[in-house]
């Protein structure tokens, strides 16, 4: 028997809209909390919008290797203010495959963030198996190697079901290897659409989450492709409709 998991959403699914413009959409999803994706240097958030929602984490904007945001202190203060214990590491801006020198720089960047964050009781969360953004860490084995090399207890991992079904034969069955290091699981179906539109075995991932003692949140994750000119559907499903469809499975 499944127990209801902790549910959330990353504001990144709504693009670069200000938080105040999407707050009602997040509230309508009836989730437990959210991850705030930052764009640029602005770290402002209206506290009145947090009465019914928990801030699970803050995701840093994309960056160039070795150039962490100047606003790190303000971001740490934001996390502390709202009792948020997860800071999602930025994705490197890349146009070519990652070199070994860049990989070493990324490791150093994560160590630098972790050493600062530990004094604020904050974990640094690194995305793994995100092949369309970076080739840094593509498998659970890469995640384990990275954790060992970074050697910081407050470095955690975020996985996504869409990526795992491409990179691993049994992504759900292998997640338990990370134990308490798994901070979040992004969930979409096999086509990166709403749950129920593809062939992702939802139950397998729910069992895997349930077997973890710390119950990491599931983040509803939808990325709609650009509509084809051959699409004759008169009214394509909106992002919010897709998110609500995914939410209905829990």
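Under the √(5λ) rule applied to the eigenvalues of the Cα gyration tensor, what semi-axes describe the equivalent ellipsoid of the chain? Give them in Å, descending.
26, 22, 19
Fewest first, what order do 152, 177, 4, 186 take by the number of other Cβ atoms within 10 Å?
4, 177, 152, 186
Pairs of Cα atoms under 8 Å, at least six residues apart: use those to get the relative contact order of the chain, whole percent.
Normalised by residue count, the contact order of the chain is 18 percent.
Extending each Cα 7 Å along its Cβ direction at residue 96 and residue 73, get the distance between those two points in nm, one decimal.
3.6
Order of 160-172, 8-20 by packing, highest average Cβ count within 10 Å first?
On the way: 160-172: 19.9, 8-20: 17.7.
Going by the mean number of other Cβ atoms within 10 Å, highest first, we get 160-172, 8-20.
How much mean residue ellipticity at 222 nm does the chain get from its helices, if each DSSP H run of length 4 or more adds -39500 (n - 2.57) and you divide by all residues, to the nearest 500 deg cm²/dmol? Write out the running numbers ahead of the final one.
Values: 8 runs with 78 residues, N = 250.
So the helix-based figure for the chain works out to -9000 deg cm²/dmol.
Exposure proxy check: 128, 31 ranked by fewest other beta carbons within 10 Å?
In increasing order of surrounding Cβ atoms, one gets 31, 128.
Taking the beta-carbon count within 10 Å as an exposure proxy, list 235, 223 from fewest neighbours to most.
The order, fewest Cβ neighbours first, is 235, 223.
Give me the mean projected area, in nm² to one decimal, of the convex hull enclosing the Cα positions of the stretch 141-219.
On the way: hull surface 19.9 nm².
Across all orientations, the stretch 141-219 yields a mean hull projection of 5.0 nm².
Each reported figure results from applying straightforward, stated rules to the coordinates on display, with no laboratory input. Keep in mind it's a predicted model, so treat the numbers as computed, not measured. Backbone-built Cβ (ideal geometry, glycine too); neighbour counts: all protein chains shown.
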